[in-house]
1. Evaluate segment 332-343: report whether one residue or more is of a type in the set (Val, Ile, Thr), free of Cβ contacts under 8 Å to residues at least 60 places away in the same chain and not in a loop (DSSP other than H, G, I, E, B).
2. What is the residue count in segment 223-239 for residues that are surrounded by 17 or more Cβ atoms within 10 Å (Cβ to Cβ) and touching a strand residue (DSSP E or B) at 6+ places or on another chain (Cβ under 6 Å)?
3. Do you know which residues across segment 104-160 are modelled with pLDDT under 95, under 31 Å from the mean Cα position of the chain (by Cα) and small (Gly, Ala, Ser)?
4. As an exercise: evaluate residue 88 against (1) surrounded by 12 or more Cβ atoms within 10 Å (Cβ to Cβ); (2) farther than 23 Å from residue 406 by Cβ and give the number of the one condition it does not meet.
5. Please pick out the residue among 376, 347 that is in contact (Cβ under 8 Å) with a residue 12 or more places away in the chain and either basic (Lys, Arg) or out of contact with any strand residue (DSSP E or B) (no Cβ under 6 Å at 6 or more places or on another chain) (or both).
6. Within segment 210-235, which residues are touching a Gly at 6+ places or on another chain (Cβ under 9 Å), at pLDDT 95 or above and polar (S, T, N, Q)?
7. I'd like to check something: does segment 179-186 contain any residue that is surrounded by 18 or more Cβ atoms within 10 Å (Cβ to Cβ), on the phi < 0 side of the Ramachandran plot and not acidic (Asp, Glu)?
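The values are calculated or read from the model by the stated rules, or taken from the named source; none is laboratory data. Note that this is a predicted model, so its numbers are computed, not measured. We place every Cβ from the backbone using ideal geometry, glycine too, and count neighbours over all the protein chains shown.
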Amino acid sequence: MASKFNIVKKPVPKKDEEDDELDTEEEDENVEEEETEETEDDEEQNKKKQSVARKRMIKFMAIIMGCLLLIFLVMFLISIFSVKEYTYEDIEQVIKEASVAYFKDHPESLPQSDGAIVEIGVENLVAEEKMKDLSEYTKEGVSCTGYALVEKVGEDYVYTPYLNCGEDFETIELYKKIINTEPVITSGYGLYNVNGNYIYRGEEVNNYVQLEQGLWRIVKIEANTNQIVLIKEIGAGNPTAWDDRFNSETNYASGINNYSASRVKEYLEHIYKEPNESLKETILGPNDKTKMVKYNVCVGKRGENEETNDGSIECSQVLEQQQVGLLPIYDYINASVDPNCKAPNDNSCQNYNYLVEKYNWWLATADKATSYKVYNVNDSGRIYASNAISYSFVRPVITLNNMVLYKDGDGTKSKPYILK
C-alpha cells in the first residue's frame, strides 16, 4: 500500500524584503552615528563657550583689580604730598597730646597734690620733639602762642590746652565767655552781679549747659574761684525720701534732718558712681567728671521767716569736699526777681524763677525749728517744710572747674553751652 506524504514548502523571503531590512539597519546605524557626532559637537561648543566666559571673567576681574590698585596708589600719593589743614581745635588737641607725651617722660614734674596745677609751654614741647612749631600747623600769616595746664584731680590728671592766635582765635574758658558776652543787669531776667558772684535770675534765662548725660542749668559763677555751679534740669531717678530714720522727737520714722548723715546724701553718692538702679540712669559721663571739682555743700539749718540770703546762714555749716550735693535754699530764693521773695515762707518765690519745675524736689536746707523737717520746692514753685520721710525728686548740684573750656552755644535751650 502506498503511503502519501504532504510536503510543505517553507516560504522563501523575497530579495526585496531582505534588502529593505538591510537598508533599515544601515539607516539606524547612520542616525546613531549622526546623533553621537552632534552630541560631541555640542559638548565641544559648550566647552569653548565656557572657556571664553572664563577668559572674559578673568579679564574683567583683572581690570577691576587694576582700577582699585590705581585708586589706592593715587590716594597714597595724595596723602604723601598733600598738606593737612589744621583747625584751631586740632591744634589744641596737638598741644594736649604733646603735653601727655611730655609728662609720660617726666612724671616727676606732674602736680603732686589734689587741685595743684603745672604749666608747660609749647616751646618746651617743641624742644622735646613732642610736637612741631606752631607755625607748622597754622595758616600763613597767622602767629600763635600756646601752653597747657595740668591739674591733679583725685587720682587723675586733667590736661587743658591753650592757644592764642590774636584776633583769629583764642582759647576761652566758659566762665570768661559768659562774663564777657552776657550783659550784667540790675533788673529783669538775666545775669546779675551779687557780692562778686554772677548769678542768673528770672523766669527765662540763657543758662543751659549740655553735658554728656543731659541738660544742666548754671546757678552762678562763684566769686574769687570762678567755678561754675550747675543744677540738673530734670530730677534724677524716682522720688525718694530725704531721710527715713526713726526720730525720737516724733516717736516714729519721720526722718532726721541732718544732711551729713542723710539718706539723700547716700543716694547722691550712689548715683554719682553708678547708674540709677531702677531707671539705669547715669547722671554724669566719664568726661563730665574730669571737668568737676569737689566743693563744700552748705548744710546750715534755717528758720521759715529768716530773710538773710547771702548764704551766711546756710554756709555757717558745710560738708566739705563733696562731688555732688543739693541746692541750698538761698540760691533758690535769689533765682526769683520778685521783690517779695525774701524768706522760705514767702509764696512769691515761685514767681519769675527759672528753677520752678512741674514736680516736687528737695533742697539741701533743713528747718531749724525741728529735727525732722526739710525744705523742698513743690510743683508750683512754692517752698515747703516737709517731713524728711516724704518723697520728692532729687536735682543733683555739681561744680565745674574754672578751666573748663567753651566750645559752642549761646546758653539757650535749643543751643546750650557745649564744653571742650
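1. Residues of segment 332-343 that are of a type in the set (Val, Ile, Thr), as a first pass: 333, 337.
Of the ones still in play, those that are also free of Cβ contacts under 8 Å to residues at least 60 places away in the same chain are 333.
Narrowing the set further to residues that are not in a loop (DSSP other than H, G, I, E, B) leaves 333.
Yes, segment 332-343 has at least one match.
2. Looking only at segment 223-239, we keep the residues that are surrounded by 17 or more Cβ atoms within 10 Å (Cβ to Cβ), and these are 226-233, 235-237.
If we keep only those that are touching a strand residue (DSSP E or B) at 6+ places or on another chain (Cβ under 6 Å) as well, we get 227-233, 235-236.
Residues flagged as surrounded by 17 or more Cβ atoms within 10 Å (Cβ to Cβ) and touching a strand residue (DSSP E or B) at 6+ places or on another chain (Cβ under 6 Å) within segment 223-239 amount to 9.
3. Listed by number, the residues that qualify are 113, 115, 116, 154.
4. Failing condition for residue 88: (2).
5. Details: 376 fails: either basic (Lys, Arg) or out of contact with any strand residue (DSSP E or B) (no Cβ under 6 Å at 6 or more places or on another chain) (or both).
Criteria check complete, one pass: 347.
6. Result: 210, single match.
7. no
Conditions (1) at pLDDT 95 or above; (2) touching a strand residue (DSSP E or B) at 6+ places or on another chain (Cβ under 7 Å); (3) among the polar types (S, T, N, Q); (4) over 30 Å from residue 158 (Cβ atoms), marked per residue:
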| residue | (1), (2), (3), (4) |
| --- | --- |
| 326 | yes, yes, no, no |
| 331 | yes, yes, no, no |
| 343 | yes, no, no, yes |
| 360 | yes, yes, yes, yes |
| 381 | yes, yes, no, yes |
| 387 | yes, yes, yes, yes |
| 395 | yes, yes, no, no |
